[in-house]
Amino acid sequence: MIILAPMAVTLYVFAFMIRVIAGLTAPLIPFLLRLPFFSSFPAAATYVVSFLAAILFLWLLGTVASNIFGRTVLIFAEKIFLKAPVINRIYVIIKQVVHAMTSTRSAFRKVVRIDYPRKGIKTLAFVTGETVLHGVSHYSLFVPTTPNPTSGFFCMIPVDEAEDAGFGTEVAMKIIASGGMIR
């Protein structure tokens, strides 16, 4: 079952998008059924038409977003989000997190093991920066949670209290997301 989880989640998200888009296109169905070509179709065919409209919409959205016109529209929409008083803070944070998680250059410098939640219990953490506090070098760490490594918390600890995990961020993400079952 675990092997099918990524496909199941992908299909669930895709089905959700199809339902939303099909819901938006549903008002067009009665109009289409009045056209000579579609009048002989059974009512169940309206779902097929909605599904095809949703697929077409997603394809067009991807095509438009990948060309210069689409990028211009996205930049314009981003400017609107950035000028909205409350939405701008939320948008900037979400954009930074998504960029950090999807960037080919990882925002995480390395993976370390730390004692958390108490001494003797090891937890994986990602080094996001390094700073000196009161003459002591500290790591800035992001400690992700299982099974969703995009949520977690930030902490700072002295460098000498962290030990190198011996593997990269991709392996660490697999370990964390699987609860330690995959390496």
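With respect to the numbered conditions (1) under 12 Å from V111 (Cα atoms); (2) exposed (fewer than 15 other Cβ atoms within 10 Å of the Cβ), which one is the sole condition not fulfilled by M173?
Against the list (1) under 12 Å from V111 (Cα atoms); (2) exposed (fewer than 15 other Cβ atoms within 10 Å of the Cβ), M173 comes up short only on (2).
Among the residues of region 38-53, are any at pLDDT 75 or above, part of a helix (DSSP H, G or I) and exposed (fewer than 10 other Cβ atoms within 10 Å of the Cβ)?
For region 38-53, residues at pLDDT 75 or above, part of a helix (DSSP H, G or I) and exposed (fewer than 10 other Cβ atoms within 10 Å of the Cβ): absent.
Residues in region 79-96 that are over 25 Å from T150 (Cα atoms) and either of a type in the set (K, R) or modelled with pLDDT under 80 (or both): how many? Explain how you work it out, then say what you get.
Of all residues in region 79-96, those over 25 Å from T150 (Cα atoms) come to 79-80, 83-85.
Narrowing the set further to residues that are either of a type in the set (K, R) or modelled with pLDDT under 80 (or both) leaves 79, 83.
Number satisfying all stated conditions: 2.
With exposed (fewer than 13 other Cβ atoms within 10 Å of the Cβ) and either under 26 Å from the mean Cα position of the chain (by Cα) or among the β-branched types (V, I, T) (or both) as the only criterion, which of V136, V159 stands out? First the steps, then the outcome.
Working: V159 fails: exposed (fewer than 13 other Cβ atoms within 10 Å of the Cβ).
Criteria check complete, one pass: V136.
The values are calculated or read from the model by the stated rules, or taken from the named source; none is laboratory data. In this text the structure is predicted, and so the values were computed from the model without any measurement. So basically every Cβ, Gly included, is an ideal-geometry build from the backbone, and we count neighbours across all protein chains shown.
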